[in-house]
Amino acid sequence: MLCVSSLDHHEPEKCVRSPLTEAERPLQLMAGLPMARCSTGSGGVVLLQVFSMSGAKLCEFRAGLRASVECVKQRVFLSCDIPVAEQRLVFAGAILRNDDTLEDCGLQRAGVLGKVSMLCVRCCQSQLARSLADLSGDANPELAVEATLGALTDTAMRAEHELSECSRPSTSDLLNAVAPQHRAELINWMMQAFDVLRFDPGLLHSVILTMDRYFIRRAKPVDVTEMQKLLLAIVCTEMKMAGAGEFPPGHWQRVLAHLCHYRIELPEILAAEYEVLSCMGFDVGIPTAFTFLRELAVRPRCDDGDLRAIIFDLAMFFLDLCVFEPDVQYGYSHCILAGGAFAAALRVLDADVLRRDRCADLREQLFDNLMAYGVRADRTLEAAVFGCEAEILELWCARARGQGTCAWSPFYRAVVTKYERRVFARGGAVLSSATAASTLDRLFEARASGRRR
(Lines give C-alpha, C1' and ligand atoms only; values in the text may rest on other atoms or scores of the structure.)
Protein backbone atom coordinates (compact mmCIF):
# COMPACT_ATOMS: atom_id res chain seq x y z
CA MET A 1 0.00 0.00 0.00
CA LEU A 2 1.39 3.42 -0.87
CA CYS A 3 0.32 6.49 1.00
CA VAL A 4 0.51 9.55 -1.23
CA SER A 5 0.82 13.15 -0.06
CA SER A 6 1.43 16.30 -2.08
CA LEU A 7 4.85 17.97 -1.76
CA ASP A 8 4.71 20.47 -4.59
CA HIS A 9 7.31 22.77 -3.03
CA HIS A 10 10.03 20.14 -3.67
CA GLU A 11 11.72 19.56 -6.96
CA PRO A 12 10.38 16.34 -8.51
CA GLU A 13 12.15 13.27 -9.81
CA LYS A 14 11.85 11.50 -13.10
CA CYS A 15 13.52 8.38 -14.44
CA VAL A 16 16.30 9.38 -16.88
CA ARG A 17 19.70 8.01 -17.83
CA SER A 18 22.27 9.77 -15.66
CA PRO A 19 25.55 8.95 -13.92
CA LEU A 20 25.36 6.89 -10.75
CA THR A 21 27.08 7.71 -7.50
CA GLU A 22 29.73 5.35 -6.20
CA ALA A 23 27.28 4.16 -3.50
CA GLU A 24 24.52 3.41 -6.00
CA ARG A 25 26.57 1.58 -8.62
CA PRO A 26 27.24 -1.68 -6.64
CA LEU A 27 23.55 -1.98 -5.72
CA GLN A 28 22.46 -1.60 -9.32
CA LEU A 29 25.06 -4.07 -10.57
CA MET A 30 24.00 -6.69 -8.00
CA ALA A 31 20.36 -6.12 -8.86
CA GLY A 32 20.94 -6.56 -12.57
CA LEU A 33 19.03 -3.32 -13.20
CA PRO A 34 19.65 -0.79 -15.97
CA MET A 35 22.11 1.98 -15.12
CA ALA A 36 19.51 4.61 -14.35
CA ARG A 37 18.52 6.68 -11.38
CA CYS A 38 15.83 9.22 -10.62
CA SER A 39 16.79 12.83 -11.19
CA THR A 40 14.85 16.04 -10.96
CA GLY A 41 12.47 17.54 -13.47
CA SER A 42 9.24 19.55 -13.30
CA GLY A 43 5.75 18.60 -12.27
CA GLY A 44 5.69 18.16 -8.47
CA VAL A 45 6.70 15.51 -5.96
CA VAL A 46 4.76 12.93 -3.96
CA LEU A 47 5.75 11.05 -0.82
CA LEU A 48 5.34 7.31 -1.39
CA GLN A 49 4.96 4.96 1.55
CA VAL A 50 5.04 1.33 0.42
CA PHE A 51 3.12 -1.27 2.41
CA SER A 52 2.64 -4.99 1.92
CA MET A 53 -0.84 -6.50 1.65
CA SER A 54 -0.68 -7.45 5.33
CA GLY A 55 -0.20 -3.77 6.24
CA ALA A 56 3.52 -3.91 7.06
CA LYS A 57 5.42 -0.82 5.95
CA LEU A 58 8.18 -1.69 3.50
CA CYS A 59 9.80 1.64 2.63
CA GLU A 60 9.22 5.36 2.11
CA PHE A 61 10.69 7.79 -0.41
CA ARG A 62 9.87 10.85 -2.51
CA ALA A 63 9.28 10.51 -6.24
CA GLY A 64 8.54 13.04 -8.94
CA LEU A 65 5.20 12.88 -10.69
CA ARG A 66 7.16 12.56 -13.96
CA ALA A 67 8.91 9.43 -12.65
CA SER A 68 7.98 6.20 -14.41
CA VAL A 69 6.42 3.24 -12.62
CA GLU A 70 9.51 1.21 -13.53
CA CYS A 71 11.70 3.76 -11.76
CA VAL A 72 9.57 3.46 -8.64
CA LYS A 73 9.90 -0.33 -8.78
CA GLN A 74 13.69 0.03 -8.86
CA ARG A 75 13.56 2.19 -5.73
CA VAL A 76 11.37 -0.40 -4.02
CA PHE A 77 13.80 -3.16 -4.95
CA LEU A 78 16.81 -1.28 -3.56
CA SER A 79 14.94 -0.71 -0.29
CA CYS A 80 13.06 -4.01 0.13
CA ASP A 81 14.84 -6.58 -2.05
CA ILE A 82 11.66 -7.43 -3.97
CA PRO A 83 12.74 -8.13 -7.58
CA VAL A 84 11.37 -5.65 -10.09
CA ALA A 85 9.95 -8.42 -12.28
CA GLU A 86 7.88 -9.71 -9.36
CA GLN A 87 6.37 -6.37 -8.33
CA ARG A 88 2.89 -5.12 -9.12
CA LEU A 89 2.15 -1.52 -8.18
CA VAL A 90 -1.57 -0.90 -7.72
CA PHE A 91 -3.34 2.45 -7.60
CA ALA A 92 -7.13 2.76 -7.15
CA GLY A 93 -7.56 -0.96 -7.86
CA ALA A 94 -5.64 -0.89 -11.17
CA ILE A 95 -2.22 -2.43 -11.83
CA LEU A 96 0.14 0.28 -13.12
CA ARG A 97 2.08 -0.16 -16.35
CA ASN A 98 5.86 0.23 -16.28
CA ASP A 99 5.98 2.93 -18.99
CA ASP A 100 3.40 5.21 -17.34
CA THR A 101 4.44 8.10 -15.13
CA LEU A 102 3.00 8.66 -11.66
CA GLU A 103 1.18 11.68 -13.07
CA ASP A 104 -0.36 9.50 -15.82
CA CYS A 105 -1.60 7.16 -13.07
CA GLY A 106 -3.46 9.96 -11.27
CA LEU A 107 -1.25 10.33 -8.20
CA GLN A 108 -1.32 14.12 -8.56
CA ARG A 109 -5.06 14.12 -7.94
CA ALA A 110 -4.62 11.85 -4.93
CA GLY A 111 -1.84 14.01 -3.55
CA VAL A 112 -4.09 17.06 -3.39
CA LEU A 113 -6.20 15.25 -0.81
CA GLY A 114 -3.24 14.64 1.50
CA LYS A 115 -2.07 11.22 2.71
CA VAL A 116 -4.24 8.42 1.44
CA SER A 117 -3.61 4.69 0.98
CA MET A 118 -3.62 4.34 -2.77
CA LEU A 119 -0.85 2.12 -4.02
CA CYS A 120 0.20 -1.41 -3.19
CA VAL A 121 3.24 -3.42 -4.22
CA ARG A 122 3.06 -7.19 -4.27
CA CYS A 123 5.19 -10.05 -5.48
CA CYS A 124 2.83 -11.37 -8.13
CA GLN A 125 4.84 -14.15 -9.73
CA SER A 126 3.54 -17.51 -8.53
CA GLN A 127 5.63 -20.02 -6.63
CA LEU A 128 5.02 -22.48 -9.46
CA ALA A 129 6.52 -20.08 -12.03
CA ARG A 130 9.55 -19.47 -9.82
CA SER A 131 10.03 -23.21 -9.24
CA LEU A 132 9.95 -23.89 -12.98
CA ALA A 133 12.40 -21.06 -13.67
CA ASP A 134 14.83 -22.56 -11.13
CA LEU A 135 15.07 -25.70 -13.28
CA SER A 136 16.69 -23.82 -16.17
CA GLY A 137 20.21 -24.97 -15.28
CA ASP A 138 19.28 -28.55 -14.40
CA ALA A 139 21.38 -31.31 -15.95
CA ASN A 140 18.25 -33.34 -16.65
CA PRO A 141 17.14 -32.26 -20.16
CA GLU A 142 13.47 -33.01 -19.41
CA LEU A 143 13.51 -30.68 -16.40
CA ALA A 144 15.35 -28.04 -18.41
CA VAL A 145 12.57 -28.16 -21.00
CA GLU A 146 9.97 -27.76 -18.24
CA ALA A 147 11.83 -24.63 -17.11
CA THR A 148 10.86 -22.91 -20.36
CA LEU A 149 7.24 -23.00 -19.16
CA GLY A 150 8.06 -20.68 -16.25
CA ALA A 151 7.50 -17.52 -18.31
CA LEU A 152 4.12 -18.79 -19.53
CA THR A 153 2.78 -20.17 -16.26
CA ASP A 154 1.25 -17.02 -14.78
CA THR A 155 -0.27 -15.99 -18.12
CA ALA A 156 -1.91 -19.42 -18.39
CA MET A 157 -3.19 -19.11 -14.83
CA ARG A 158 -4.81 -15.76 -15.53
CA ALA A 159 -6.44 -17.16 -18.68
CA GLU A 160 -7.68 -20.12 -16.65
CA HIS A 161 -9.31 -17.78 -14.12
CA GLU A 162 -10.94 -15.70 -16.86
CA LEU A 163 -12.36 -18.82 -18.54
CA SER A 164 -13.71 -20.04 -15.23
CA GLU A 165 -15.36 -16.69 -14.54
CA CYS A 166 -17.04 -16.54 -17.94
CA SER A 167 -18.62 -19.95 -17.39
CA ARG A 168 -19.56 -19.72 -13.69
CA PRO A 169 -23.25 -20.63 -13.29
CA SER A 170 -25.82 -18.31 -11.73
CA THR A 171 -27.20 -19.68 -8.47
CA SER A 172 -30.69 -18.33 -9.05
CA ASP A 173 -30.83 -19.80 -12.58
CA LEU A 174 -29.67 -23.17 -11.27
CA LEU A 175 -32.28 -23.29 -8.52
CA ASN A 176 -34.97 -22.50 -11.10
CA ALA A 177 -33.70 -25.25 -13.41
CA VAL A 178 -33.53 -28.19 -11.01
CA ALA A 179 -34.96 -29.01 -7.58
CA PRO A 180 -32.31 -28.86 -4.81
CA GLN A 181 -33.36 -32.30 -3.53
CA HIS A 182 -32.87 -33.98 -6.92
CA ARG A 183 -29.54 -32.24 -7.46
CA ALA A 184 -28.32 -33.27 -3.98
CA GLU A 185 -29.31 -36.89 -4.62
CA LEU A 186 -27.38 -36.96 -7.90
CA ILE A 187 -24.28 -35.47 -6.28
CA ASN A 188 -24.44 -37.89 -3.35
CA TRP A 189 -24.73 -40.87 -5.71
CA MET A 190 -21.77 -39.66 -7.77
CA MET A 191 -19.65 -38.92 -4.72
CA GLN A 192 -20.06 -42.43 -3.34
CA ALA A 193 -19.77 -44.22 -6.70
CA PHE A 194 -16.66 -42.28 -7.78
CA ASP A 195 -15.03 -42.90 -4.40
CA VAL A 196 -15.60 -46.68 -4.69
CA LEU A 197 -14.18 -46.65 -8.23
CA ARG A 198 -11.22 -44.54 -7.02
CA PHE A 199 -11.70 -41.86 -9.65
CA ASP A 200 -9.59 -38.74 -9.54
CA PRO A 201 -11.41 -36.18 -7.31
CA GLY A 202 -11.29 -33.66 -10.12
CA LEU A 203 -13.68 -35.76 -12.20
CA LEU A 204 -16.48 -35.34 -9.65
CA HIS A 205 -16.20 -31.55 -9.65
CA SER A 206 -15.98 -31.39 -13.45
CA VAL A 207 -19.11 -33.51 -13.83
CA ILE A 208 -21.03 -31.37 -11.30
CA LEU A 209 -20.04 -28.12 -13.03
CA THR A 210 -20.97 -29.44 -16.48
CA MET A 211 -24.25 -30.83 -15.11
CA ASP A 212 -25.20 -27.50 -13.53
CA ARG A 213 -24.32 -25.55 -16.65
CA TYR A 214 -26.43 -27.93 -18.76
CA PHE A 215 -29.42 -27.68 -16.43
CA ILE A 216 -29.31 -23.89 -16.78
CA ARG A 217 -28.94 -23.85 -20.57
CA ARG A 218 -31.66 -26.43 -21.16
CA ALA A 219 -34.83 -24.70 -22.34
CA LYS A 220 -37.20 -26.92 -20.32
CA PRO A 221 -37.04 -28.50 -16.85
CA VAL A 222 -35.28 -31.84 -16.59
CA ASP A 223 -37.57 -34.85 -16.25
CA VAL A 224 -36.62 -36.89 -13.18
CA THR A 225 -36.75 -40.10 -15.21
CA GLU A 226 -34.16 -38.69 -17.65
CA MET A 227 -31.69 -37.48 -15.03
CA GLN A 228 -29.68 -40.70 -14.75
CA LYS A 229 -29.19 -40.96 -18.51
CA LEU A 230 -28.16 -37.30 -18.77
CA LEU A 231 -25.79 -37.67 -15.86
CA LEU A 232 -24.15 -40.72 -17.46
CA ALA A 233 -23.82 -38.73 -20.69
CA ILE A 234 -21.97 -35.97 -18.82
CA VAL A 235 -19.76 -38.53 -17.05
CA CYS A 236 -19.00 -40.01 -20.48
CA THR A 237 -17.84 -36.60 -21.77
CA GLU A 238 -15.69 -35.86 -18.73
CA MET A 239 -14.00 -39.28 -18.88
CA LYS A 240 -13.08 -38.60 -22.50
CA MET A 241 -11.78 -35.15 -21.50
CA ALA A 242 -9.61 -36.77 -18.82
CA GLY A 243 -7.68 -38.55 -21.58
CA ALA A 244 -6.91 -42.06 -22.77
CA GLY A 245 -4.25 -42.48 -20.10
CA GLU A 246 -6.86 -42.55 -17.36
CA PHE A 247 -9.81 -43.92 -19.33
CA PRO A 248 -8.50 -45.91 -22.34
CA PRO A 249 -10.88 -47.14 -25.06
CA GLY A 250 -13.00 -49.98 -23.76
CA HIS A 251 -12.51 -48.98 -20.13
CA TRP A 252 -14.82 -45.98 -20.09
CA GLN A 253 -17.54 -48.04 -21.82
CA ARG A 254 -17.32 -50.66 -19.05
CA VAL A 255 -17.43 -47.95 -16.38
CA LEU A 256 -20.65 -46.50 -17.83
CA ALA A 257 -22.24 -49.94 -17.97
CA HIS A 258 -21.23 -50.59 -14.36
CA LEU A 259 -22.58 -47.24 -13.14
CA CYS A 260 -26.04 -47.90 -14.59
CA HIS A 261 -26.01 -51.62 -13.71
CA TYR A 262 -26.30 -52.42 -17.44
CA ARG A 263 -29.82 -50.95 -17.56
CA ILE A 264 -29.06 -48.29 -20.20
CA GLU A 265 -27.50 -49.21 -23.52
CA LEU A 266 -24.38 -47.37 -24.67
CA PRO A 267 -26.03 -45.94 -27.84
CA GLU A 268 -28.68 -44.27 -25.64
CA ILE A 269 -25.97 -42.71 -23.49
CA LEU A 270 -24.06 -41.48 -26.54
CA ALA A 271 -27.23 -39.97 -28.01
CA ALA A 272 -27.85 -38.16 -24.72
CA GLU A 273 -24.21 -37.01 -24.73
CA TYR A 274 -24.68 -35.43 -28.16
CA GLU A 275 -27.83 -33.67 -26.91
CA VAL A 276 -25.95 -32.28 -23.90
CA LEU A 277 -22.95 -31.10 -25.96
CA SER A 278 -25.18 -29.53 -28.61
CA CYS A 279 -27.15 -27.67 -25.96
CA MET A 280 -23.90 -26.32 -24.48
CA GLY A 281 -22.31 -25.46 -27.82
CA PHE A 282 -19.62 -28.09 -27.15
CA ASP A 283 -18.22 -25.72 -24.50
CA VAL A 284 -16.73 -28.11 -21.93
CA GLY A 285 -13.48 -28.59 -20.03
CA ILE A 286 -14.03 -25.53 -17.81
CA PRO A 287 -11.72 -25.19 -14.76
CA THR A 288 -13.42 -25.95 -11.45
CA ALA A 289 -12.69 -24.93 -7.87
CA PHE A 290 -10.86 -28.24 -7.49
CA THR A 291 -8.64 -27.30 -10.46
CA PHE A 292 -7.49 -24.19 -8.58
CA LEU A 293 -7.18 -26.03 -5.26
CA ARG A 294 -4.86 -28.60 -6.80
CA GLU A 295 -2.71 -25.81 -8.25
CA LEU A 296 -2.64 -23.90 -4.95
CA ALA A 297 -1.73 -27.06 -3.04
CA VAL A 298 1.41 -27.83 -5.07
CA ARG A 299 2.92 -24.36 -4.74
CA PRO A 300 3.52 -23.66 -1.05
CA ARG A 301 7.05 -24.10 0.24
CA CYS A 302 6.48 -26.69 2.97
CA ASP A 303 8.87 -29.55 3.83
CA ASP A 304 6.29 -31.37 5.96
CA GLY A 305 4.69 -33.84 3.53
CA ASP A 306 2.11 -35.01 6.06
CA LEU A 307 1.00 -31.44 6.78
CA ARG A 308 0.57 -30.73 3.08
CA ALA A 309 -1.49 -33.91 2.64
CA ILE A 310 -3.71 -33.05 5.62
CA ILE A 311 -4.30 -29.51 4.33
CA PHE A 312 -5.25 -30.84 0.90
CA ASP A 313 -7.62 -33.47 2.32
CA LEU A 314 -9.31 -30.92 4.60
CA ALA A 315 -9.66 -28.44 1.75
CA MET A 316 -11.17 -31.16 -0.46
CA PHE A 317 -13.61 -31.98 2.35
CA PHE A 318 -14.74 -28.35 2.41
CA LEU A 319 -15.11 -28.23 -1.39
CA ASP A 320 -17.21 -31.41 -1.28
CA LEU A 321 -19.49 -29.74 1.26
CA CYS A 322 -19.77 -26.66 -0.95
CA VAL A 323 -20.96 -28.57 -4.03
CA PHE A 324 -24.22 -29.29 -2.19
CA GLU A 325 -24.75 -25.55 -1.61
CA PRO A 326 -24.94 -23.59 -4.91
CA ASP A 327 -24.99 -20.29 -3.02
CA VAL A 328 -21.50 -21.04 -1.72
CA GLN A 329 -20.17 -23.00 -4.67
CA TYR A 330 -21.03 -20.34 -7.25
CA GLY A 331 -21.20 -17.31 -4.99
CA TYR A 332 -17.45 -16.78 -5.37
CA SER A 333 -14.91 -17.04 -8.16
CA HIS A 334 -13.68 -20.62 -8.34
CA CYS A 335 -10.14 -19.58 -7.41
CA ILE A 336 -11.49 -17.63 -4.40
CA LEU A 337 -13.55 -20.66 -3.35
CA ALA A 338 -10.44 -22.83 -3.58
CA GLY A 339 -8.52 -20.23 -1.57
CA GLY A 340 -11.29 -20.10 1.03
CA ALA A 341 -11.25 -23.90 1.40
CA PHE A 342 -7.45 -23.85 1.72
CA ALA A 343 -7.63 -21.06 4.32
CA ALA A 344 -10.35 -22.94 6.25
CA ALA A 345 -8.10 -26.02 6.35
CA LEU A 346 -5.28 -23.90 7.78
CA ARG A 347 -7.71 -22.46 10.35
CA VAL A 348 -8.56 -25.98 11.53
CA LEU A 349 -4.90 -26.94 11.89
CA ASP A 350 -3.61 -23.78 13.55
CA ALA A 351 -5.36 -24.89 16.76
CA ASP A 352 -2.18 -26.94 17.23
CA VAL A 353 0.43 -24.57 18.67
CA LEU A 354 3.25 -26.56 17.05
CA ARG A 355 1.73 -25.97 13.61
CA ARG A 356 0.61 -22.38 14.07
CA ASP A 357 3.70 -20.68 12.64
CA ARG A 358 3.81 -22.98 9.60
CA CYS A 359 0.10 -22.39 8.97
CA ALA A 360 0.64 -18.62 9.17
CA ASP A 361 3.45 -18.86 6.62
CA LEU A 362 1.32 -21.00 4.29
CA ARG A 363 -1.55 -18.53 4.59
CA GLU A 364 0.77 -15.71 3.47
CA GLN A 365 1.92 -17.81 0.51
CA LEU A 366 -1.72 -18.53 -0.37
CA PHE A 367 -2.42 -14.84 -0.99
CA ASP A 368 0.75 -14.46 -3.05
CA ASN A 369 -0.28 -17.36 -5.28
CA LEU A 370 -3.87 -16.17 -5.65
CA MET A 371 -2.54 -12.86 -6.96
CA ALA A 372 -1.03 -14.72 -9.94
CA TYR A 373 -4.53 -15.49 -11.23
CA GLY A 374 -5.12 -11.80 -11.86
CA VAL A 375 -7.72 -11.48 -9.11
CA ARG A 376 -8.27 -7.85 -8.10
CA ALA A 377 -4.97 -6.80 -6.56
CA ASP A 378 -6.05 -4.81 -3.54
CA ARG A 379 -7.49 -5.53 -0.13
CA THR A 380 -10.72 -6.86 -1.61
CA LEU A 381 -8.84 -10.09 -2.42
CA GLU A 382 -8.04 -10.68 1.23
CA ALA A 383 -11.58 -9.71 2.24
CA ALA A 384 -13.11 -12.06 -0.35
CA VAL A 385 -11.03 -15.05 0.77
CA PHE A 386 -11.77 -14.31 4.43
CA GLY A 387 -15.50 -14.00 3.72
CA CYS A 388 -15.49 -17.25 1.74
CA GLU A 389 -13.58 -19.02 4.52
CA ALA A 390 -16.13 -17.79 7.06
CA GLU A 391 -19.06 -19.01 4.96
CA ILE A 392 -17.46 -22.44 4.50
CA LEU A 393 -16.83 -22.84 8.23
CA GLU A 394 -20.35 -21.67 9.09
CA LEU A 395 -21.74 -24.22 6.63
CA TRP A 396 -19.64 -26.98 8.20
CA CYS A 397 -20.65 -26.00 11.73
CA ALA A 398 -24.37 -25.89 10.85
CA ARG A 399 -24.32 -29.32 9.20
CA ALA A 400 -22.16 -30.86 11.95
CA ARG A 401 -24.59 -29.64 14.62
CA GLY A 402 -27.61 -30.60 12.56
CA GLN A 403 -28.98 -27.08 12.68
CA GLY A 404 -31.92 -26.26 10.44
CA THR A 405 -33.10 -28.30 7.49
CA CYS A 406 -31.66 -28.55 4.00
CA ALA A 407 -31.98 -30.84 1.00
CA TRP A 408 -28.68 -32.60 1.62
CA SER A 409 -28.65 -33.02 5.42
CA PRO A 410 -28.95 -36.84 5.12
CA PHE A 411 -25.77 -36.92 3.00
CA TYR A 412 -23.49 -34.96 5.34
CA ARG A 413 -22.34 -38.02 7.25
CA ALA A 414 -21.23 -39.72 4.03
CA VAL A 415 -18.98 -36.75 3.17
CA VAL A 416 -17.40 -36.82 6.65
CA THR A 417 -16.81 -40.57 6.45
CA LYS A 418 -15.06 -40.13 3.11
CA TYR A 419 -12.36 -37.89 4.61
CA GLU A 420 -12.30 -38.38 8.38
CA ARG A 421 -10.28 -41.59 8.50
CA ARG A 422 -7.43 -40.44 6.26
CA VAL A 423 -7.22 -36.96 7.82
CA PHE A 424 -7.08 -38.39 11.35
CA ALA A 425 -4.63 -41.14 10.30
CA ARG A 426 -2.13 -38.48 9.18
CA GLY A 427 -2.37 -36.66 12.49
CA GLY A 428 -5.05 -34.17 11.49
CA ALA A 429 -8.15 -33.06 13.34
CA VAL A 430 -11.28 -35.10 13.99
CA LEU A 431 -14.09 -33.77 11.80
CA SER A 432 -16.52 -33.43 14.71
CA SER A 433 -19.05 -30.76 15.63
CA ALA A 434 -16.71 -29.69 18.47
CA THR A 435 -13.84 -29.14 16.01
CA ALA A 436 -16.15 -27.20 13.70
CA ALA A 437 -17.39 -24.98 16.55
CA SER A 438 -13.90 -24.25 17.94
CA THR A 439 -12.57 -23.43 14.46
CA LEU A 440 -15.45 -21.04 13.82
CA ASP A 441 -14.85 -19.40 17.22
CA ARG A 442 -11.20 -18.76 16.33
CA LEU A 443 -12.29 -17.19 13.05
CA PHE A 444 -14.71 -14.89 14.91
CA GLU A 445 -11.90 -13.94 17.30
CA ALA A 446 -9.69 -13.05 14.34
CA ARG A 447 -12.52 -10.98 12.85
CA ALA A 448 -13.11 -9.13 16.15
CA SER A 449 -9.41 -8.29 16.49
CA GLY A 450 -9.20 -7.10 12.88
CA ARG A 451 -6.94 -9.99 11.85
CA ARG A 452 -7.81 -11.88 8.70
CA ARG A 453 -4.78 -14.13 8.58
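The values are calculated or read from the model by the stated rules, or taken from the named source; none is laboratory data. It should be emphasised that the depicted structure is a prediction, and the values quoted were computed from it without experimental measurement. Glycine gets a Cβ as well: all are built from the backbone with ideal geometry, and neighbour counts include every protein chain shown. Note: accessible area is taken over every heavy atom of the protein model, side chains too, but ligands, DNA and RNA are not part of it. Shrake-Rupley method; radii C 1.70, N 1.55, O 1.52, S 1.80 Å.
Among the protein heavy atoms, those of His205 account for about 20 Å² of accessible surface (1.4 Å probe, every chain in place). Taking all protein chains as shown and a probe of 1.4 angstrom, Tyr412 keeps an accessible surface of around 20 Å². Local charge sum around Ala345 (other residues, Cβ-Cβ under 12 Å, Lys/Arg +1, Asp/Glu -1)? Residues near Ala345 contribute +1 overall. Scaling the Cα radius of gyration of segment 188-269 by the globular reference 2.2 N^0.38 Å produces a ratio of 1.07. The string of couplings for segment 314-326 from the Karplus curve (6.51, -1.76, 1.60, θ = phi - 60°) is 5, 5, 5, 4, 5, 5, 5, 5, 5, 5, 7, 10, x Hz, one whole number per residue in order, with x for Gly and Pro. A crude spin-label estimate for the pair Ala144 and Glu165, with each label 7 Å from Cα along the Cβ direction, gives 3.9 nm. Counted residue by residue at 0.36 nm each, then reduced by the alpha carbon distance between them, the extension gain from Tyr274 to Ala219 reaches 18.2 nm.
Would you mind estimating how fast segment 309-453 diffuses translationally, via Stokes-Einstein at 25 °C and 0.890 mPa s with the Kirkwood radius over Cα pairs, in µm²/s? Rounded to a whole number, D works out at 160 µm²/s. Lys57 contributes an accessible area of around 110 Å² to the protein surface, as traced by a 1.4 Å probe with all chains present. Computed 3J(HN,Hα) for segment 70-75, one whole-Hz value per residue from the Karplus formula 6.51 cos²θ - 1.76 cosθ + 1.60 where θ = phi - 60°, is 5, 5, 4, 4, 5, 4, glycine and proline marked x. Kirkwood hydrodynamic radius computed over segment 255-343 comes to 15.7 Å, based on all pairs of distinct alpha carbons. Scanning residues 5 or more positions from Leu58 or on other chains, those with amide H under 5 Å from its amide H are Val50, Phe51, Ser52, with H placed 1.01 Å from N in the peptide plane.
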